[in-house]
């Protein structure tokens, strides 16, 4: 592999430091409690086919960047859903159902959350209705339907699908399972975030190395906040938290910059689909506004390259199937390293132990193939 650390094409679009950073474990655990974190692991670890997902080493990339370690948590191996989302929605369904068989579950989704909710309902023999926007691919809908849910496509965007879900649920008495928190809707999103924290619980038992940096993808911020809650509970030392977003949908960055929740306009959707969000979830905002060290926004153009290079063993001795929302973790690390001011600001050096979250595999096989083949055309230029 040619020196990726000298490849000027790996660039971020925007970078900011958080002037209000103050990581306080007690503060974080007010929003996602220790009790909930303990219960999520106790519950999910007993599910059939549960096992820890691999914590891989990106040793080839590490040799190139000359850091101490680069770890990659491979969530493409999470149950049979190929996504960290399996830990959230399904757990929330189980807690809401409380053993009852006569309730109906509903949700609005852009893909992976809906699959987790549908799987959670199927596990318990519950009826489930999933609402999706017109922009959700047929491939993702088929993946949801595999778990027995009735999928209802709605004209317009995600917000339209959520509004239809609410109307339907009110009429038929469904229990809504969303991962986005608002002023009057907190408990279910807290459950999903508690589920996501299991990744950190597992990592704390998979390596004795002190993690110094975590590059965390964010859409509305649920995964990032769940990981931070896990850090607050399970890690002895607090690493630097770097939030990563598409430059077309940087609602976390803009909110931290203004020190208030900002709703942004998205003129064109990012190929990092699950991260293409215009507004943060409320609880993640409260957590991330204090615990984020820095924010990075990256362009779409290097995502296909990273997907291909993960699969072609350019970063690791193992082939890694990382989807469009896994690749940003790698792109952001390389982009940050390639800017000497940011590298120094983050203290990326030979003592650094980096954690990247490979949050999904080829969930949308058609999109994955398209992006992989696009990256393959450039592959020879970075070998």
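When every alpha-carbon pair in the chain is counted, what percent end up more than 32 Å apart?
27 percent
For the chain, what does -39500 (n - 2.57) per DSSP helix run (n ≥ 4), summed and divided by total residues, give at 222 nm, in deg cm²/dmol to the nearest 500?
Helices in the chain give a 222 nm mean residue ellipticity of -12000 deg cm²/dmol.
I need two numbers for the range 121-172: Rg to one decimal and Dmax as a whole number, Cα atoms only, in Å.
11.3, 31
Please work out the ratio of the alpha-carbon Rg of the range 198-308 to 2.2 N^0.38 Å and round it to two decimals.
In units of the globular-protein estimate, the range 198-308 measures up at 1.09.
Taking 0.36 nm per intervening residue step and subtracting the Cα-Cα distance, what contour gain separates residue 263 from residue 134 on full extension?
Stretched out fully, the residue 263 to residue 134 stretch lengthens by 44.3 nm.
Beta carbons within 10 angstrom, averaged per residue: use that to sort the peptides 18-28, 76-86, highest first.
Ranked from most to least packed, the peptides come out as 76-86, 18-28.
Before anything else, pin down the relative contact order of the range 89-178: Cα pairs under 8 Å, at least 6 apart, normalised by residue count, whole percent.
34 percent
Let me have the relative contact order for the chain, percent, based on Cα pairs under 8 Å that are six or more residues apart.
Dividing the mean separation by the residue count of the chain yields 24 percent.
Using R₀ = 56 Å, calculate the FRET efficiency as 1/(1 + (r/R₀)^6) where r is the Cβ-Cβ separation of residue 183 and residue 49; round to 0.05.
0.90
Could you identify which residue out of 354, 264, 303 has the top mean-square fluctuation in a GNM of the chain using Cα springs shorter than 10 Å?
264
What do you get when you divide the Cα radius of gyration of the range 44-99 by 2.2 N^0.38 Å, with N the number of residues?
Rg over 2.2 N^0.38 Å, computed on Cα atoms: 1.55.
What does DSSP give for the chain in terms of the percent of beta bridges that are antiparallel, rounded to the nearest 5?
20 percent
Just the number, please: Stokes-Einstein D of the range 89-178 in µm²/s, Kirkwood Rh from C-alpha pairs, 4 °C, 1.567 mPa s.
D, rounded to a whole number, is 104 µm²/s.
Mind ordering 373-379, 131-137, 48-54 by average Cβ neighbours within 10 Å, highest first?
131-137, 373-379, 48-54
Whole Å is fine, so just give me how far the alpha carbon centre of the range 25-85 lies from that of the range 223-275.
That distance is 17 Å.
Values quoted throughout were computed directly from the atomic coordinates according to the rules given, and no laboratory measurement underlies them. Computed from a predicted model, the values in this text were never measured in an experiment. Using ideal geometry, Cβ is built from the backbone for each residue, glycine included, and neighbour counts are taken over all protein chains shown.
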